[in-house]
Structures are given as C-alpha cells and as structure tokens.
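Asker: Provided herewith is a single structure, encoded as structure tokens, for subsequent inquiry.
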Amino acid sequence: PEQIVYYHIIPEYQTEESMYNAVRRFGKVRYDTLRLPFKVTAEEADGSVRFGQGEGSAYLFDPDIYTDGRISVQGIDGVLFPAEEIASESKSTRPAKVVTKARRGNELVPLINCQFVTFTLTILVICMLINYYFLFN
C-alpha cells in the first residue's frame, strides 16, 4: 500500500500553475516519483492536467490544496498505478532480486536532514486526502 502512496508523491515543488504551464509548453511531462524507477506522465487534456495513461488516468481537480513554498498538495480524481506494474501483474512473474551495495551511515545524513520532514508531512497529507476521498464519495 505504501508503494501506491509513494507513486503519488513528486519530490519537487509543483503548483497547479507550474504543472499546467509545463504541459502546455512541452506537451507531455514525466515527473519522478518516490517510487523509483517509476515516473508519472502528465499531459494537457480538456483544459486541465491529466496524469497517467488510458483508463488508469486521473485529472487534477482540486488544485493547490496546501502550499507553503516547500510543499504543494494537489488533488486528483483517481488512484494511479504505474503502467509497467499493471503489465507485470497480468504476466504474474516474480521480479528478480536487486542486490544493492551497502552504504555507510554518514551518506544518508544529508537526505534525512533536508527532506525527511517534508516527505513525512507530504505522506501524512496525502493519507488524509485519501481518507477524505473515501469518506465523502
């Protein structure tokens, strides 16, 4: 479940206006998500910003719920799933194990100092929005 939430978090400050300007200027924009290596695609559709592709897409419908210069929360009208994940679920194959090189503890300190509080607050806000959506719809 937390992987789904991570797919909805873009680790950069984006307001509704900046997203809309980007999709108008470039057509399609791919944003990094906290669920690596997946990216979410945004494009202009019906005068708004549409995230995802096909039936699994969602529109930006509640812009700038919360902004403070570091965090910006946008409301979409659906739950997004990575396209590659949907394809792999239909095949039902097990993913290969990924072996990573061990890191020293001091390399993680800058990430924790700079972004831990912001990501934690963003995840809490998104969880509250998901609860709100299911309670009133």
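Asker: 5 Å is the cut-off here: which amide hydrogens, built 1.01 Å from N in the peptide plane, fall below it relative to Val49, excluding neighbours closer than 5 in sequence?
Answerer: Leu60
Asker: Would you kindly derive the ³J(HN,Hα) couplings of segment 12-17 from the backbone phi angles with the Karplus curve 6.51 cos²θ - 1.76 cosθ + 1.60 (θ = phi - 60°), listing them in order in whole Hz, with x for Gly and Pro?
Answerer: 7, 7, 9, 8, 4, 5
Asker: Now, a different point. Translational D (Stokes-Einstein, µm²/s) of segment 1-85 at 4 °C and 1.567 mPa s when Rh comes from the Kirkwood sum over C-alpha pairs?
Answerer: 100
Asker: From the phi of every residue in segment 3-8, what ³J(HN,Hα) in whole Hz does the Karplus formula 6.51 cos²θ - 1.76 cosθ + 1.60 yield, where θ is phi - 60° and glycine or proline is x?
Answerer: Per residue, the Karplus-derived 3J(HN,Hα) values read 5, 5, 5, 4, 5, 8 Hz.
Asker: If I model a spin label as a point 7 Å beyond the Cα along the Cα-Cβ vector, how far apart are those points for Tyr59 and Glu2 in nm?
Answerer: 3.4
Asker: For segment 22-27, what does the Karplus curve 6.51 cos²θ - 1.76 cosθ + 1.60, with θ = phi - 60°, yield as ³J(HN,Hα) per residue in whole Hz, taken in order and with x for Gly and Pro?
Answerer: 5, 6, 5, 7, 9, x
Every number here is computed from the coordinates shown, using simple stated rules; none is lab data. From a predicted model like this one, the values you see are computed outputs, not experimental measurements. FYI the Cβ positions are ideal-geometry reconstructions off the backbone, even for glycines, and counts take in every protein chain you see.
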